[in-house]
Amino acid sequence: MNIQDYKGVYIFAEQVDGRLSGIAFELLGKANELAKDLDTNVTAVVIGSGIKDLADQLAEYGADRVIVIDDPQLKEYRTEPYAHALASAINEYKPEIMLVGATPIGRDLGPRVSARVATGLTADCTSLDIGDFPLNPIPGKEQKHHQLLMTRPAFGGNTIATIACPDNRPQMATVRPGVMQRQARQEGAKAEVIEFNPGFTPDHKYVEILDIVKTVGETVDIMDAKILVSGGRGMGGPENFKLLRELADALGGEVACSRAVVDAGWMPKDMQVGQTGKTVRPQIYVACGISGAIQHLAGMEESDLIIAINKDETAPIFDVADYGIVGDVFKILPEFTEKVKEYKAAKK
């Protein structure tokens, strides 16, 4: 492998039913940051059937070039044809960096593709940077420059690992949704469009889809919420989460929680904020009875406005909070909710 042959930052632009997923725009935002550090360009690879018109949208969000792999075999996501398509594109165009969203599709696709192109994969990354590896010089060992430094939680979220892939290309990572910021849309921007089709020969590895059943989820995706009222172990029990729901309803927001709450069985995993849960960026984040362990802070510290309520004045959550209230959450929450209702009533 001649590493010098590999150029550019590529992203897998995930789409479902002809509609781009939000992670595609987030990856484009980060890809542009990395590309500036490497003085290179950004390419989006979009795979599907009847999806050529998505190229313009990808251009408006930062793609300099779009590789379109359009084939009837790719109408619905299936592991084998999608892995063949993306691996073939990598072998043909040789990207230096290949980013995939850590979505259900990306978690299935990324590892298979990395194995086919004989490179490593760092999964579920929460931070990506360009730098030197090893991070600190080691006597007698070459320190390589301009490497992709991929950071992810390890050991159940109890530590943070920074990983590099200095000897193979592309440098591949799956990236957790919600942690990267999309860049502003440049309406009317255009990209070079390349139509690429490696050819598909169905075999026994091609899964046959008999039926697709779509259901409406019972819970709202907290990653989309503008306002979140989040509870921790300090809420005492699941019965007290009604106080959070009342405040969330008054504010027009949603309820979330910490890992301790999920581990205790009080709330479902879909509502968890943190390294092992979801990364959120709401306009307002109200943390109630949450101490503020580093694993939780990593999932919400980019919120526009953070309000913390905790009886322990030394709780780490106050270090990131814009407003902190020291006191009994069971007394403060009802008063908080009432004040919000009074304010909204006065505005009518």
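The values are calculated or read from the model by the stated rules, or taken from the named source; none is laboratory data. This structure is a prediction, so every number in the text was calculated from the model and none was measured. Reconstructed Cβ throughout: ideal geometry from the backbone, glycine too, with neighbour counts over all protein chains shown.
Below is a table of values for the structure above.
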item	result
Residue ranges of strands (runs of 3 or more DSSP E) in segment 155-206 with at least 3 members out of contact with any Leu (no Cβ under 7 Å at 6 or more places or on another chain) and closer than 21 Å to GLY8 by Cα	192-195
Wholly enclosed helices (runs of 4 or more DSSP H) of segment 236-297 bearing at least 3 residues among the aliphatic types (A, V, I, L, M), without any contact (Cβ under 8 Å) to a residue 60 or more places away in the chain and surrounded by 18 or more Cβ atoms within 10 Å (Cβ to Cβ)	259-263
All positions within segment 129-165 that are within 19 Å of LEU86 (Cβ to Cβ) and touching a residue at least 40 places away in the same chain (Cβ under 8 Å)	LEU148, CYS165
Residue within segment 204-217 that is among the small types (Gly, Ala, Ser), within 24 Å of the chain's Cα centre (by Cα) and surrounded by fewer than 23 Cβ atoms within 10 Å (Cβ to Cβ) present	yes
Selection status of THR174, assigned by TED's automatic domain parsing to the domain that holds THR43, in contact with a strand residue (DSSP E or B) (Cβ under 8 Å, 6 or more places away or on another chain) and over 28 Å from LEU86 (Cα atoms)	no
Single unsatisfied condition, ARG169 versus (1) farther than 21 Å from LEU38 by Cβ; (2) in contact (Cβ under 8 Å) with a residue 60 or more places away in the chain; (3) not aromatic (Phe, Trp, Tyr)	(1)
3 or more residues closer than 25 Å to LEU149 by Cα: qualifying strands (runs of 3 or more DSSP E) within segment 1-100	9-12, 42-48
Per-region count, segment 331-348, residues touching a helix residue (DSSP H, G or I) at 6+ places or on another chain (Cβ under 7 Å), within 23 Å of GLY237 (Cβ to Cβ) and either part of a loop (DSSP other than H, G, I, E, B) or among the hydrophobic types (A, V, I, L, M, F, W, C) (or both)	2
